[in-house]
Every structure is written in C-alpha cells, then in structure tokens.
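Step one of this worksheet: look at the structure below.
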Amino acid sequence: MVANKLLTLVFVRKQFEILLGYKKRGFGMGKWNGFGGKVEKGETIVEAAVRELEEESGLIVSPDSLSNAALLKFEFVGNPQILEVHVFTTTEVTGEPIETSEMRPKWYNIDSIPFDKMWVDDKLWFPLLLSDKKFTGYFLFEGMDTILKQDFKEVAEI
Ligand code: 6U4
Ligand code: NA
Ligand code: NA
C-alpha cells in the first residue's frame with residue numbers, strides 16, 4: 001500500500017475571469033493551472049492551500065473563504081502512488097497577484113481559457129468548476145498528455 005500524495009489547487013474567480021498561473025518549474029512545467037502544491041507534514045489540506053496560494057501568487061486568502069470544489073485522483077501508468085488533488089475556489093483574496101519563482105499569473109476571461117496549454121483533464125471538468133458545481137474524478141494517465149481512463153461526476157458535497 002502506497003499512501004496517496006496530497007496536493008492542493010486553488011482557483012481565484014471574478015465574475016467573468018479566472019486567475020491562472022504559468023508554471024515555470026517542476027511538475028506540470030509549461031502548463032497554465034491554478035495555484036497549489038504538496039500538503040506538508042503537520043498542516044491541514046486547507047492550510048496547505050492557503051500557504052501555496054500565497055507562495056505562488058502573493059495573494060492572501062482566509063481559510064474560511066476557500067470553497068471545496070473538487071477531489072481529483074490521478075494515477076500514472078507505472079507509478080503506484082495516486083495523486084489526490086484537493087481543488088478549491090475563492091472570490092475573496094487580498095492583494096494583487098505577482099509573478100513568483102514558480103508561477104506567472106494572468107487573469108483569463110472564462111470564454112478564453114487556454115485549454116491547449118493546460119493539463120488535458122482540465123478541459124473536461126472546467127465547465128463544472130466554472131459553474132460552481134462540486135465534482136469528484138479519477139484519471140489514469142500514460143505519460144503527461146494521454147488519459148487512458150476517466151471517470152468524473154458532479155456530487156452534492158466533497
Ligand atoms: P515543490 O516541489 O515544493 O516546488 P509544490 O508546489 O509543493 O512543489 P507541485 O507544484 O508539484 O507542488 O504541485 C503540483 C500541482 O499541480 C498541484 O497544484 C496539483 C496540480 N496538478 C497535478 N496534476 C494535475 C492535473 N492532472 N490537472 C490539474 N492540476 C494538476 O489541473
Ligand atoms: Na506548486
Ligand atoms: Na510546496
């Protein structure tokens with residue numbers, strides 16, 4: 001048994017825009033995504049989400065202002081460890097996004113999201129995210145760009 005690897009992912013919303021960051025290094029380098037990272041020992045998932053958002057975008061969010069949006073599980077062929085990504089949305093942040101060593105932030109209109117430069121699963125579930133639906137999902141990847149199996153659905157509660 002290998003424990004799941006816990007990760008966070010935060011999307012900051014305005015009415016017609018969403019904040020994405022261009023990942024400059026590490027896992028998912030070269031893709032646009034929300035802000036997030038690994039949950040560290042001794043912190044809760046929400047604490048990690050708050051910390052990673054600030055580290056990567058400079059934005060401050062109160063834990064109470066994060067809404068549970070999704071729980072996504074990613075498996076990679078040849079790797080027994082499942083990535084468990086806890087996805088949050090928020091509309092209430094303090095500050096303005098700044099470029100950091102990990103991410104270059106940019107507001108996108110919700111009608112012009114750069115899906116061809118994002119993780120391939122994102123275009124599948126973004127419609128749910130953008131309409132404030134909650135959902136769970138499982139994706140089996142082969143390499144970084146191919147989904148072999150997928151299963152996701154709207155749920156009442158995460
Ligand atoms: P370090 O090693 O500390 O610089 P850290 O920021 O802790 O990294 P990182 O950047 O490796 O963690 O976290 C990966 C990020 O990518 C998390 O926010 C989750 C997200 N992610 C991983 N797979 C994804 C996928 N298939 N679709 C997606 N986001 C994914 O939209
Ligand atoms: Na990260
Ligand atoms: Na980290």
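Quick note: the coordinates plus some simple rules give every number you see, no bench work behind them. Quantities reported herein were computed from a predicted structural model and do not represent experimental measurements. Methodologically, a virtual Cβ is constructed for each residue, glycine included, from the backbone with ideal geometry; neighbour enumeration extends over all protein chains shown.
Distance between the C-alpha centers of the range 91-115 and the range 1-60? Whole Å please. When both Cα centres are located, 12 Å separates them.
Indicate the gyration tensor shape class of the range 1-65 (rounded, prolate or oblate), computed on the Cα atoms with a ≥ b ≥ c the square roots of the eigenvalues: a/c under 1.5 is rounded; otherwise a/b larger than b/c is prolate and the rest oblate. Write out the running numbers ahead of the final one.
Working: a/c = 2.02, a/b = 1.25, b/c = 1.62.
Here the range 1-65 falls in the oblate category.
This model, with +1 at the C-beta of Lys and Arg and -1 at the C-beta of Asp and Glu, gives the range 1-80 a dipole about its Cα centre of some 340 debye. Cross-link partners of K123 among lysines, defined as those whose alpha carbon lies under 29 angstrom from its own and excluding same-chain residues fewer than eight positions apart: K5, K14, K23, K24, K31, K38, K73, K106, K133, K134, K149, K153.
Exposed loop chymotrypsin sites (Phe, Trp or Tyr not before Pro) only (DSSP loop, at most 13 other Cβ atoms within 10 Å): please give the longest stretch of the chain free of them, not including the sites. Can you show the working numbers first?
Working: sites that count: F16, F27.
Of all site-free stretches, the longest is 28-158.
Within the chain, what's the longest stretch lacking trypsin sites (Lys or Arg not before Pro) that sit in DSSP loops with no more than 12 other Cβ atoms inside 10 Å?
Details: sites that count: K14, R25, K41.
The longest such stretch corresponds to 42-158.
Based on the alpha-carbon gyration tensor of the chain and its eigenvalue square roots a ≥ b ≥ c, which shape applies: rounded if a/c is under 1.5, prolate if not and a/b is larger than b/c, or oblate?
Numbers: a/c = 1.34, a/b = 1.26, b/c = 1.07.
Rounded, because the longest to shortest axis ratio a/c is under 1.5.
When the helices of the chain are scored as -39500 (n - 2.57) per DSSP H run of n ≥ 4 and the total is divided over every residue, the value at 222 nm lands at -4000 deg cm²/dmol. Antiparallel beta bridges, as assigned by DSSP with both residues in the chain, represent about 65 percent of the total such bridges.
May I ask for the longest run of the chain untouched by GluC sites (Glu not before Pro) that are loop-located per DSSP and have at most 16 neighbouring C-beta atoms (other than their own) within 10 Å? Spell out each step's value before the answer.
On the way: sites that count: E40, E43, E92, E99, E157.
Longest gap between qualifying sites, sites excluded: 100-156.
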